[in-house]
Amino acid sequence: MEKKIVIAIDGFSSCGKSTFAKAIAKRLGYLYIDSGAMYRAVTLELLRRGLIVNGIVDTSRLENILKEISIGFSFDPAKSAYVTTLNGTVVEEEIRSPEVANHVSLVAAIPRVRERLVELQREVGKRKGIVMDGRDIGTVVFPDAELKIFMTADPMVRAQRRLKELQEKGISISLDEVMKNIEERDYIDQNRDASPLRKADDALVLDNTHMTVDEQMQWVEEWVRKLTM
Ligand code: CDP
């Protein structure tokens with residue numbers, strides 16, 4: 001039997017981390033966990049409850065909300081993919097909205113939110129044979145992951161990729177707005193006190209500015225082969 005490993009993928013927003021992580025999981029028959037979707041789901045819940053006003057999060061009821069909330073992933077046969085659920089309802093579309101994107105880094109900077117979600121991530125990731133993507137997977141969630149990848153790409157290329165993705169979903173937004181959101185999130189993610197985005201010392205850097213998805217796959221397969229032989 002081939003050895004199963006944990007693959008941790010971190011990096012800046014809109015680098016194509018989740019597309020890459022999903023493709024790896026599919027190829028290897030591993031479980032893919034989107035940790036960003038979990039931060040997005042908490043953000044959606046806080047927005048729905050009216051607890052984020054003018055860029056300030058009301059944390060007075062946070063403890064209860066974090067206790068009551070249930071976040072999961074269920075398989076959607078129509079999409080042939082896993083979709084995010086919040087309290088039993090599919091919220092895959094809502095969590096990708098610009099409204100959630102504009103507030104998620106704020107929520108992800110709250111230490112208590114991170115503590116609770118890291119706990120959940122370690123729970124789902126107990127078994128080997130997983131690919132998880134996020135900002136702190138190689139540094140905090142799975143510091144012992146056998147393969148750590150830190151993804152980056154030119155910010156303009158990232159903005160264009162994200163714009164295309166949003167336009168395909170019928171969301172009307174300008175390149176400027178997308179660029180602003182990416183820059184803002186990069187800044188908050190790297191400068192927060194609670195587990196800021198940084199490359200783990202033992203992570204491999206993957207700059208995919210000029211790479212195709214196929215080229216990325218060849219690159220990672222080579223590494224997986226070496227590590228599982
Ligand atoms: O897909 P995209 O790169 O836009 O972002 P995401 O992976 O869905 O994550 C959304 C936001 O959640 C990030 O900008 C971070 O602020 C936060 N996040 C985090 O702090 N830690 C993680 N492990 C994953 C996401």
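No lab work stands behind these numbers, since they all come straight from the coordinates. Bear in mind the structure is a predicted one, so any value in this text is a computation, not a measurement. Neighbour counts are summed over all protein chains in view; Cβ atoms, including those assigned to glycine, are modelled from backbone coordinates with ideal geometry.
Of the trypsin sites (Lys or Arg not before Pro) in region 1-50, the ones in a loop by DSSP (not H, G, I, E or B) with at most 12 other beta carbons within 10 Å are Lys3, Arg49.
Each listed q (0.14, 0.23, 0.29, 0.31 Å⁻¹) maps to a log10 I(q)/I(0) for region 70-127, found by the Debye formula over equal Cα scatterers with no solvent: -0.49, -1.12, -1.17, -1.16. With bins 5 Å wide beginning at 0, the percent of Cα pairs of the chain falling in each bin runs 1, 6, 14, 19, 21, 18, 13, 6, 2, 1, 0. For Ala81, the residues 5 or more places off, or on other chains, whose built amide H falls under 5 Å of its own are Asp76. Using only Cα coordinates, the Kirkwood hydrodynamic radius of region 49-173 works out to 17.0 Å. A helix-only calculation puts the chain at -14500 deg cm²/dmol for mean residue ellipticity at 222 nm, using -39500 (n - 2.57) for each DSSP H run of at least four residues, averaged over all residues. Taking amide H as placed 1.01 Å from N in the peptide plane, the amide H of Gly11 sits under 5 Å from that of Gly134, Met151, each at least 5 places away or on another chain. In the chain, the longest principal axis of the Cα atoms and the axis of helix 155-168 are about 70 degrees apart. Below 8 Å between Cα atoms, with a sequence gap of 6+, how large is the relative contact order for the chain in percent? That works out to 34 percent. The angle separating the long axis of helix 111-124 from the principal Cα axis of greatest extent in the chain is about 40 degrees. What FRET efficiency do you get for Lys180 and Val157 if R0 is 22 Å and r is their Cβ-Cβ distance, rounded to the nearest 0.05? Taking R0 as 22 Å, the efficiency between Lys180 and Val157 is 0.90.
Against the main long axis of the alpha-carbon atoms of the chain, helix 35-48 sits at an angle near 10°.
Mean projected area of the convex hull spanned by the Cα atoms of region 133-220, taken over all viewing directions: 6.7 nm². Across every pair of non-identical alpha carbons in region 1-104, the mean reciprocal distance, once inverted, gives a Kirkwood radius of 15.3 Å.
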